[in-house]
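Okay, structure first, notes after.
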Amino acid sequence: MCGRYAATKDPATLAAEFDALDETDDHAPATDYNVAPTKDVVAVVQRHPRDEDGEPDPSTTVRSLRVMRWGLIPAWAKDRSIGARMINARAEKAATTSAFRTSVAKRRCLVPADGWFEWKRDGKVKQPYFMTGPDGHSLAMAGLWTVWRDPEDKDGPPVVSAAVLTTDAVGPLADIHDRMPLLMSPDSWAAWLDPDVDEVSELLATPPPLELVESLELRPVSTKVNNVRNNGPELLAREEEKADLTLFDR
């Protein structure tokens with residue numbers, strides 16, 4: 001699964017890295033070393049631009065950064081609370097799951113991250129790890145997004161929300177947890193984001209490149225990350241593994 005990650009880059013840096021326009025409109029979340037479900041996050045989308053009448057231009061697309069709520073709220077949901085349980089979508093089942101199948105076909109995104117946290121269980125012990133790239137480049141986690149309107153307040157603002165796709169862990173990551181985010185290498189970004197492509201089963205079924213996984217640093221970190229109120233660069237610092245930890249140690 002992916003339940004926490006770090007996102008510390010500003011929109012200008014992400015826009016350059018993903019060759020995208022910054023359309024966060026100054027609403028981009030601040031540097032966050034402990035991104036948790038229901039927080040606002042930055043995602044990369046590619047859409048047909050619309051004219052003043054709201055009509056899309058089918059001849060071109062624009063890649064941009066958007067702010068979304070982490071935890072997908074299906075269009076049919078009665079309230080937004082369901083989003084807290086839909087932070088992840090299993091890549092193997094997303095295309096046939098009612099909450100995600102429309103987004104698989106029409107609303108795919110990338111969720112940039114410095115890296116993500118996972119907890120390795122050994123009996124009752126849970127050691128947090130931070131998985132991050134070796135070169136400072138963002139990891140691109142495959143995601144899905146949608147738009148939800150409150151049925152009790154139809155004139156209220158829409159909520160744009162997203163989920164991170166997960167897949168079976170491969171390589172050394174499998175020693176920490178059986179699941180991992182579905183990472184997209186740059187050569188897959190265009191096909192994944194293309195709004196005119198609705199058949200992406202091959203991309204969903206393809207595990208992250210082993211060379212990408214093997215390049216990741218799997219760094220043991222402090223149990224301070226267990227508390228969502230902790231948020232600072234110290235959460236990413238390497239610490240020696242400890243012998244007697246639980247998920248709720250502070």
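The values are calculated or read from the model by the stated rules, or taken from the named source; none is laboratory data. Keep in mind that what you see is a predicted model, and the values were worked out from it rather than measured. Ideal geometry is used to build each Cβ from the backbone, glycine not excepted, and the neighbour counts take in all protein chains shown. Heads up: the accessible areas ignore ligands, DNA and RNA and are worked out on the full protein's heavy atoms, side chains in. Shrake-Rupley method; radii C 1.70, N 1.55, O 1.52, S 1.80 Å.
With a cut-off of 12 Å on the backbone N, the residues of segment 178-208 near the modelled label site 7 Å out from His48 along Cα-Cβ are 195-197. In the frame of its principal axes, segment 22-160 has Cα extents of 57, 37, 30 Å, reported largest first.
Dividing the alpha-carbon radius of gyration of segment 113-201 by the rule-of-thumb value 2.2 N^0.38 Å gives 1.42.
The Cα atoms of segment 53-102 define a convex hull whose projected area, averaged across directions, is 5.5 nm².
Per-residue ellipticity at 222 nm from helix content only, as computed over the chain with -39500 (n - 2.57) for each DSSP H run of at least four residues, stands at -3000 deg cm²/dmol. A 1.4 Å probe run over the protein chains yields, for the chain, 51 Å² of accessible area per residue, whole-number rounding. Which residues make up the longest stretch of the chain that has no chymotrypsin sites (Phe, Trp or Tyr not before Pro) in a DSSP loop with at most 12 other Cβ atoms within 10 Å? Longest stretch, sites excluded: 77-247. The count of lysine pairs in segment 108-250 that are at least 8 places apart or cross chains, and whose C-alpha atoms lie under 17 Å apart, stands at 6. Report the Stokes-Einstein translational diffusion coefficient (µm² s⁻¹, integer) for segment 151-243, Rh taken as the Kirkwood radius over Cα pairs, at 10 °C with viscosity 1.306 mPa s. D = 94 µm²/s. For the chain, the relative contact order works out to 21 percent when only alpha carbon pairs closer than 8 Å and six or more residues apart are counted.
Here the chain has an Rg and Dmax of 18.0, 62 Å, counting Cα atoms alone.
Taking 2.2 N^0.38 Å as the expected size of a compact globular protein, what ratio does the Cα radius of gyration of segment 166-209 give against it, to two decimals? Against the empirical 2.2 N^0.38 Å value, I get 1.28 for segment 166-209.
The aspartates and glutamates within cross-link reach of Lys93, meaning a Cα-to-Cα straight distance under 19 Å and a gap of 8 or more places when in the same chain, are Asp168, Asp178, Asp198, Glu199, Glu202. Taking one quarter of the surface of the convex hull spanned by the alpha-carbon atoms of segment 87-129 gives a direction-averaged projected area of 4.6 nm². Expressed as a whole percent, the accessible area of the chain that falls on carbon and sulfur atoms is 48 (1.4 Å probe). Between the C-alpha center of segment 182-196 and that of segment 84-122 there is a gap of 15 Å. Across segment 21-81, Cα-Cα distances exceeding 20 Å account for 44% of all pairs.
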